[in-house]
Amino acid sequence: MSLLFPLGLLALASLLVPLLIHLARRHHYAPLEFAALRWLRAKARPRQRVRFDEWPLLLVRLLLLAALALLLARPLLHGAPVQTPPWVVVAPGVSVPALPAGSEGHWLAPGFPPLQDAPPNATQPLASLLRELDQTLPAGTALTVYVPDPMPGLDGERPRLSRAVQWRPVAAPVDPAVQVSAPQLRVAGADQDASALRVLDAVQRAWSGRPLAAPLAAGAVPEEGQIGVWLADAPLPPIWHDWVAAGGRVLTRSTKVAQGDGTAVLRDASGQTALVRHALGRGHVLRFTAPLSPDALPMLRDPSFPRRLLEQLQPLSPPQLAPAASQRPLTGASAPVQQPRDLANWLLVLVVLLFALERWMATARRRGAGA
């Protein structure tokens, strides 16, 4: 046993109160003088011993105060692990399976509500919830997990738990909200740059498998999430300038679009700079240092060029979907810390019972008759 608030034991000093009360309430015998005894020789008064009246009542009161002091100190019992039935957790969106006899069913969602409740709208990653649940359940509790396949809610690494789990992937349709789409290039100012258009078309196909979209009309700007491409050897029009400054991204070859040295973000195998980044408001201008043709920019022949360019335009986010079989939790994590049992509720029951016993003993008829 340990105490959460040891200073609560200072309340044990109140044990002096009933002791003093019982000493003060002892029966006093008043001397009575008789005429026949006035001539007798006075003898020495016998020594008095400390004696408590009604010691059972005193004992109950002392126990009551001691229980209150212990309750203030919040005792915790560190004993054997609590045995819990097997758990079955189901990710929201998966049909509820038939539970084995003697098991508990819960949603794989914050708080792990029971399956009898409505399916929650959980936004926390499933892998993170699994780690939390593993550290919440007592060691040795069997765990079965039902997840959709493919599995969403990843958080960058395969979960590692302290126990082996029964992994149950369930085929489920892919939620369009978690699908990752490649950006779309929108070109402007490309009237006579056929070589650049062929390169951009190859890049777009490598990203999404779709051809390059038709050039933008005069005065139009890319939509939100699209990548602008300015191929004219001229400064950006005001409407394009405002679009980039508001957070857009644009590819260009013209030195008239961005001024200054910028930051080199792509280099070829020989170490020559191929792409330079310039900040413009909340957006960015990425300028090629040579015309978009394999002869002028040998880096275009590198099979990894589309991927490296995409990483500069749209930093890759952690994967959001994966085959559920590949996310089966590993073992080897630290065992969950055993949670102590709080004895406050039991002490409250004891305090109530002692108080009832004390009141009954203090008001009993025989006590009044004996006084």
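The values are calculated or read from the model by the stated rules, or taken from the named source; none is laboratory data. Quantities reported herein were computed from a predicted structural model and do not represent experimental measurements. Note: ideal-geometry Cβ built from the backbone for every residue, glycine included; neighbour counts use all protein chains shown.
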Of the listed residues (335, 296), the one being farther than 24 Å from residue 226 by Cα, in a loop (DSSP other than H, G, I, E, B) and at pLDDT 85 or above is 296
For the stretch 331-360, the count of residues that are within 30 Å of residue 128 (Cβ to Cβ) and either of a type in the set (Ser, Thr, Tyr) or surrounded by 12 or more Cβ atoms within 10 Å (Cβ to Cβ) (or both) equals 10
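For the stretch 132-142, check the following and say yes or no: at least one residue is under 11 Å from residue 94 (Cβ atoms) and not aromatic (Phe, Trp, Tyr).
Taking every residue of the stretch 132-142 in turn, none turns out to be under 11 Å from residue 94 (Cβ atoms) and not aromatic (Phe, Trp, Tyr).
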For residues in the stretch 97-128 being in contact (Cβ under 8 Å) with a residue 24 or more places away in the chain and not in a loop (DSSP other than H, G, I, E, B), which is surrounded by the most Cβ atoms within 10 Å (Cβ to Cβ)?
126
Extreme residue, surrounded by the most Cβ atoms within 10 Å (Cβ to Cβ), among residues of the stretch 222-238 that are within 44 Å of the chain's Cα centre (by Cα) and of a type outside the set (D, E, K, R)
229
Long-range neighbours under 7 Å by Cβ, at least six apart or interchain, first residue closer than 10 Å to residue 68 by Cβ within the stretch 1-15, second outside any helix (DSSP H, G or I) and modelled with pLDDT of 80 or more
8/73; 8/74
Could you please find all residues in the stretch 167-205 being at pLDDT 85 or above, β-branched (Val, Ile, Thr) and closer than 30 Å to residue 146 by Cα?
170
